[in-house]
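The values are calculated or read from the model by the stated rules, or taken from the named source; none is laboratory data. This structure is a prediction, so every number in the text was calculated from the model and none was measured. Cβ: placed from backbone, ideal geometry, glycine included. Neighbour counts: every protein chain shown. SASA here: full protein model, heavy atoms, side chains in, ligands and nucleic acids out. Shrake-Rupley method; radii C 1.70, N 1.55, O 1.52, S 1.80 Å.
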Amino acid sequence: MAITRDDCEELDRRDPIGWVRERFTVPHGVVYLDGNSLGALPGRMAQVLAKEWGRGLVSSWDGAGWMDAPRRIGDKIARLIGVAPGEVLAADSTTITLTKLLLAALSARPDRSLLLTTATNFPSDLYAGEAAARLAGGSFRMVEPPALLDELSGAAGVAALYLTHVDYRTGEMFDMEGLTAAAHESGALAVWDLCHSAGAVALDCGGAGVDLALGCGYKYLNGGPGAPSFLYVRSELQGSLPNALPGWLGHEAPFGFEGGFRQAPGIGGYLTSSPPVLGLTGLEAGVDTFAGVEMADVRAKSVRLGQLFLEVVLEEAGGLVGVASPGDPARRGSQISLRHDRAKALVSELAAAGVVGDFRPPDVCRFGFAPLYLTYREVFDAARKVATAVVGASR
Ligand SMILES: *Cc1c(COP(=O)(O)O)cnc(C)c1O
């Protein structure tokens with residue numbers, strides 16, 4: 001029995017998190033399936049700056065809580081990734097944060113020198129790993145995902161295994177718990193990039209024993225273009241793991257203006273620079289769109305949206321398009337990637353028809369599902385447009 005548009009409207013009426021959409025400004029007439037690249041604008045964002053910067057001026061560093069923002073927002077993100085308050089900090093860009101954590105991981109394992117990842121990782125993550133290894137006098141290796149376990153048990157001296165939890169191209173999701181355990185068994189630290197997971201997948205990084213993690217602020221967290229990223233350092237490591245890019249804001253006494261670096265205790269010790277307040281304001285507004293929302297409900301809706309999309313596309317255009325994402329929802333994040341020889345043209349044609357996805361070379365059309373602001377009916381309509389476009393492109 002094929003699902004109908006009426007069924008989708010009924011699903012919307014019963015959606016336990018349907019009310020959250022009102023927290024966003026979503027343009028009319030567009031189905032936005034690219035929240036995995038840049039989340040939508042939270043309505044609250046506009047009000048904040050005129051008051052705090054415009055009127056409060058320098059007094060807002062304390063008065064409006066600007067100085068505390070990295071830790072305060074970190075605590076809000078902690079709930080979304082399944083770790084404790086005091087373990088997460090919002091600061092710096094994703095790539096800088098990753099570099100910082102990888103350098104720290106290398107110095108935490110002085111008897112080991114290898115950074116291990118997959119060749120399928122996001123390019124910036126590959127460049128950062130290679131550079132971190134070079135800067136620290138270590139080495140870098142990337143392998144295909146099926147070779148990871150052999151590599152971990154075989155290669156001597158893996159200091160850290162670092163992986164992106166959900167593959168940006170295919171949406172495939174790694175087994176965080178199993179791979180973290182394998183890393184630990186081999187004596188390595190486990191570092192996870194949560195760019196395509198945070199805010200879309202229910203995570204239990206604490207329960208999985210993850211050592212270090214980071215993620216992007218502007219995708220499913222809706223922090224706005226170029227929003228700061230976040231970093232996680234497991235509390236037991238915070239006493240011994242160095243801040244690899246020390247700066248005055250990570251100092252125990254930033255306003256003591258001492259000549260030598262003494263790392264502040266706790267997560268604040270991993271700050272480098274002054275909090276980027278404008279970016280953090282966007283990030284906080286984005287993270288606050290999750291207030292009162294359970295990640296289990298987000299994940300459940302994400303899985304249903306993905307299944308609905310795939311079902312409708314395959315019903316009308318099956319055989320004409322490849323599916324790059326795993327068929328089992330338990331093994332994928334919040335996106336469906338399709339393969340087609342004319343993927344690039346398809347993505348532009350769909351955008352013109354009001355369905356925004358994106359193209360990833362060589363042949364992938366990527367559609368992300370941000371459960372906070374998408375409805376079932378929209379995704380149903382979008383899937384039909386995708387199917388029609390695929391049929392047209394395949395003639
Ligand atoms: C989006 C994304 C980035 C982005 O890095 P920036 O430094 O914020 O530009 C990095 N890594 C992964 C895996 C991503 O998905």
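Structure data summary
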{"read-out": "Flag if residue 77 is within 20 Å of residue 289 (Cβ to Cβ), assigned to a helix (DSSP H, G or I) and within 16 Å of the ligand (Cβ to nearest atom)", "value": "yes"}
{"read-out": "Residue selected from segment 80-124 under the condition more than 19 Å from the chain's Cα centre (by Cα) and within 23 Å of residue 167 (Cβ to Cβ), by the criterion farthest from the ligand (Cβ to nearest atom)", "value": "114"}
{"read-out": "Positions within segment 236-248 being open to solvent by 20 Å² or more (accessible area, probe 1.4 Å) and either touching a residue at least 60 places away in the same chain (Cβ under 8 Å) or part of a loop (DSSP other than H, G, I, E, B) (or both), in sequence order", "value": "237, 238, 239, 240, 242, 244, 245, 246"}
{"read-out": "Which listed residue is more than 16 Å from the ligand (Cβ to nearest atom) and open to solvent by less than 20 Å² (accessible area, probe 1.4 Å), from 210, 191, 233", "value": "233"}
{"read-out": "Total residues in segment 125-167, condition open to solvent by less than 40 Å² (accessible area, probe 1.4 Å), away from the ligand (no atom under 16 Å from the Cβ), assigned to a helix (DSSP H, G or I) and over 21 Å from residue 233 (Cβ atoms)", "value": "4"}
{"read-out": "Any hit, segment 267-274, residues being more than 16 Å from the ligand (Cβ to nearest atom), surrounded by fewer than 16 Cβ atoms within 10 Å (Cβ to Cβ) and in a helix (DSSP H, G or I)", "value": "no"}
{"read-out": "Which listed residue is more than 23 Å from the chain's Cα centre (by Cα), farther than 25 Å from residue 209 by Cβ and in contact (Cβ under 8 Å) with a residue 24 or more places away in the chain, from 66, 61", "value": "66"}
{"read-out": "Cβ-Cβ under 8 Å pairs, at least 6 apart or on other chains, segment 192-221 side of a type in the set (Lys, Arg), far side near the ligand (Cβ under 10 Å from one of its atoms)", "value": "219/36; 219/37; 219/38; 219/195; 219/196"}
